[in-house]
Protein chains: 2
Amino acid sequence: MSEHLQSWREGAARTAIVGFVESVTTGHDAVPSEQRIAVFDNDGTLWTEKPMPTQLHYIVEQWAAAARADPALAAQQPYKAAVDRDFAWLGGAIDKHYAGDDSDLHTLIGALVRTTVNLSVDDYQAAVEAFYRDARHLTLARAYPTVVYQPMVELLRYLEANGFTCYIVSGGDRDFMRPMTVDAYGIPPERVIGSAVGLHYDTTTNDVRYGEHFDFFDDGPEKPLRIWTRIGRRPLLAAGNSNGDIPMLRYVQKHPRSLSLVVHHDDDTGRGDAPYDKGAETVLGEAGTSGFTRVSVKDDWASVFAP
Amino acid sequence: MSEHLQSWREGAARTAIVGFVESVTTGHDAVPSEQRIAVFDNDGTLWTEKPMPTQLHYIVEQWAAAARADPALAAQQPYKAAVDRDFAWLGGAIDKHYAGDDSDLHTLIGALVRTTVNLSVDDYQAAVEAFYRDARHLTLARAYPTVVYQPMVELLRYLEANGFTCYIVSGGDRDFMRPMTVDAYGIPPERVIGSAVGLHYDTTTNDVRYGEHFDFFDDGPEKPLRIWTRIGRRPLLAAGNSNGDIPMLRYVQKHPRSLSLVVHHDDDTGRGDAPYDKGAETVLGEAGTSGFTRVSVKDDWASVFAP
């Protein structure tokens, strides 16, 4: 069955994956297929997240447009950073979050929510689809739906060929991911779990619209809760790459026949999206001691992106 | 394809269903199968809900047990009603909700949440499974998983045979439904949408546990929000039976090729679970004027339950 994993080199990671799949799908104690659930973080696990997550690129463009329309905004963060293309401030907000300081993240999320207040989910979807069509990754200069990790797409297909159902469980906005996940990963919208802005129902137009408040950030201990809410089962396989994935990896690991994978960005592409350990120090430290299986991009993947 | 609808009599409802399915599945403008989503209310739509919803029966038993263990509780509502088997008080709380007064419902929900504080979702599942095995419907004297409406189960199978994916969207507790929906309806846990108690993640045991607060009541305008959250598409078919289903029925109805069904309990079984219009006055009134298709239990169904 390993013809599915063509971009994976022989090694401990590939051996662990194939051994896991064979152990849960064969023999008298095979796990029933409805229980073969796999969950994948998105940014940094299924596609590139540096120099900044795709969603941040999108939102920076929204803020820059808002600042052009209302110059008073341009003096405030995060609009100022957007206009100045000050990615250091924006990346810093994420880094501070991982260091335990959410002050800039709150500023950022507040401004994020303001971009969609009262927008219908359908109109947001159309705006995001246009972004995926037109935007280019900042350093790789490719359309975002093409900066997905080819070995991980092969892993999704390999799992599906063995009766698994795969879900995305990301800190990214659920509705920002949904317009690209079918084409890029073969994962339909009902299997995309992510952060969420609060919704309200418009009884005049019979549409679902975004509200004024952020609902939840699907990271850290929130991930297992959202997995239960949406799926109603403990998965068999989890894959992540950052400290925010630890609770999900451990939740899955409690299943006695599970596999928890950590993607380690130890390769240097020279294109500005790797290598890095930042935000992953703890989970990488744990990979050696906690039974998580480390996937080395440098050693375990023969290629990162599709040609 | 109508061999699937053996318990449905010829008539306007059956004709509308078959015509709808043929129109969205055949011809050059057939709706792609991934967009063929159908959503079903549960209590009163897929199974009986009188003289009281199944979940209330379960929770009454929990409260009575709590009051036996702590006599101070037995003087308070809803424990008093549970000990006295005062179903009038309990049913009244639901009726008052539909009349716009949630005071008793809040008392009831507060006591409901207290039954599961810190319980793991797995332990709750085991408790609910035991209830479904042992409990009997109060007037029909059958196990609850057998008081499902046979014509609606046939409708689920008919839709699936035509490429639809069916979901439950109920005001009932999501995790109370999940242990019975596969066997009774063929609907897996990931397609059960319902009300929810807040969750927290226990990093010591790596389990998902219930918290101290109710999260949301999946009724009325909440239903379309939860449909979007979970499915990410506007469904093509909705079925309900009470006023709380109106926003869901209208949300679906906005799709130009949709069908919205309202089950009308106009039959008299003589067994204490029908007829009734209470809680459905508005939606039944609208069935004639708003394009909802009325399903008469008396006229459209040849039998209500499987033998």
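The values are calculated or read from the model by the stated rules, or taken from the named source; none is laboratory data. As the structure is a computational prediction, the values presented were derived from the model and not from experiment. Here the Cβ positions follow ideal geometry from the backbone for every residue, glycine too, while neighbour counts run over all protein chains shown.
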(request) Scan the helices (runs of 4 or more DSSP H) fully inside segment A:213-307 and keep the ones with 3 or more residues being more than 28 Å from residue A:35 (Cα to Cα). (result) A:281-287, A:297-300
(message) Which of the numbered conditions does residue B:130 fail, given that it passes all the others? Conditions: (1) crowded, with 16+ Cβ neighbours inside 10 Å; (2) within 21 Å of the chain's Cα centre (by Cα); (3) modelled with pLDDT of 90 or more; (4) not assigned by TED's automatic domain parsing to the domain that holds residue B:259.
(response) (1)
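Yes/no matrix, rows are residues, columns are (1) in the same structural domain as residue B:159 (by TED's automatic domain parsing); (2) under 23 Å from the mean Cα position of the chain (by Cα):
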site	(1), (2)
B:24	yes, no
B:36	yes, yes
B:63	no, yes
B:75	no, no
B:91	no, yes
(request) Please identify the pairs in which a residue from segment B:283-294 that is crowded, with 19+ Cβ neighbours inside 10 Å has its Cβ atom under 7 Å from the Cβ atom of a residue that is assigned to a helix (DSSP H, G or I) and not aliphatic (A, V, I, L, M), counting only partners at least 6 apart or on another chain. (result) B:283/B:243; B:283/B:245; B:292/B:286
(request) Could you tell me which residue of segment B:208-251 is farthest from the other protein chains (Cβ to nearest Cβ), considering only residues that are of a type in the set (Asp, Glu) and over 15 Å from the mean Cα position of the chain (by Cα)? (result) B:212
(message) Among the residues of segment B:185-204, what is the count of those that are in contact (Cβ under 8 Å) with a residue 24 or more places away in the chain, farther than 12 Å from residue B:173 by Cα and either within 8 Å of chain A (Cβ to nearest Cβ) or among the small types (Gly, Ala, Ser) (or both)?
(response) 2
(request) For residue B:262, state whether it is away from every other protein chain (no Cβ under 14 Å) and crowded, with 23+ Cβ neighbours inside 10 Å. (result) yes
(message) Take the conditions surrounded by fewer than 19 Cβ atoms within 10 Å (Cβ to Cβ), out of contact with any strand residue (DSSP E or B) (no Cβ under 7 Å at 6 or more places or on another chain) and among the charged types (D, E, K, R) and apply them to residue B:190. Does it pass?
(response) no
(request) State whether one or more residues within segment A:140-149 are touching a residue at least 60 places away in the same chain (Cβ under 8 Å) and closer than 21 Å to residue A:81 by Cβ. (result) yes
(request) Tell me, please, whether a residue that is more than 21 Å from residue A:300 (Cα to Cα), touching a Ser or Thr at 6+ places or on another chain (Cβ under 7 Å) and in contact (Cβ under 8 Å) with a residue 40 or more places away in the chain can be found in segment A:217-230. (result) yes
(message) Here is a list: B:181, B:107. Which entry is within 14 Å of chain A (Cβ to nearest Cβ) and closer than 29 Å to residue B:200 by Cα?
(response) B:181
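Okay, residues lined up against (1) surrounded by fewer than 19 Cβ atoms within 10 Å (Cβ to Cβ); (2) over 19 Å from residue A:56 (Cβ atoms):
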residue: A:148; (1), (2): no, no
residue: A:176; (1), (2): no, no
residue: A:183; (1), (2): yes, yes
residue: A:214; (1), (2): yes, no
residue: A:227; (1), (2): no, yes
(message) Which residue is modelled with the lowest pLDDT, if the candidates are limited to segment B:112-127 and must be under 21 Å from the mean Cα position of the chain (by Cα) and in a helix (DSSP H, G or I)?
(response) B:112
(request) Enumerate the pairs (first residue in segment B:102-115 and closer than 13 Å to residue B:82 by Cα; second residue anywhere and aromatic (Phe, Trp, Tyr)) with beta-carbon separation below 9 Å, excluding pairs fewer than 6 apart on the same chain, so at least 6 apart or on different chains. (result) B:111/B:63; B:111/B:79; B:112/B:63; B:112/B:214
(message) Please pick out the residue among B:24, B:60, B:18 that is in a helix (DSSP H, G or I) and surrounded by fewer than 19 Cβ atoms within 10 Å (Cβ to Cβ).
(response) B:18
(message) As an exercise: evaluate residue B:162 against (1) crowded, with 16+ Cβ neighbours inside 10 Å; (2) within 14 Å of chain A (Cβ to nearest Cβ) and give the number of the one condition it does not meet.
(response) (2)
(request) Could you tell me which numbered condition residue B:196 fails, if it satisfies all but one of (1) within 15 Å of the chain's Cα centre (by Cα); (2) part of a strand (DSSP E or B); (3) surrounded by 24 or more Cβ atoms within 10 Å (Cβ to Cβ)? (result) (3)
(request) Just give me the residues in segment B:279-293 being under 18 Å from residue B:255 (Cα atoms) and within 19 Å of the chain's Cα centre (by Cα), in sequence order. (result) B:292, B:293
(request) Can you tell me which residue among B:170, B:120 is in contact (Cβ under 8 Å) with a residue 24 or more places away in the chain and either surrounded by fewer than 22 Cβ atoms within 10 Å (Cβ to Cβ) or not assigned by TED's automatic domain parsing to the domain that holds residue B:46 (or both)? (result) B:120
(request) Select from segment B:57-102 the residues that are over 16 Å from residue B:116 (Cβ atoms) and touching a Ser or Thr at 6+ places or on another chain (Cβ under 8 Å) and list them in ascending order. (result) B:77, B:93, B:96, B:98
(request) Could you look through segment A:1-15, keep only residues that are closer than 19 Å to residue A:303 by Cα and hydrophobic (A, V, I, L, M, F, W, C), and pick out the one that is surrounded by the fewest Cβ atoms within 10 Å (Cβ to Cβ)? (result) A:12
(message) Return the residues of segment B:133-179 that are under 13 Å from the mean Cα position of the chain (by Cα), more than 15 Å from residue B:49 (Cα to Cα) and in a helix (DSSP H, G or I); say none if nothing qualifies.
(response) B:174, B:175, B:178
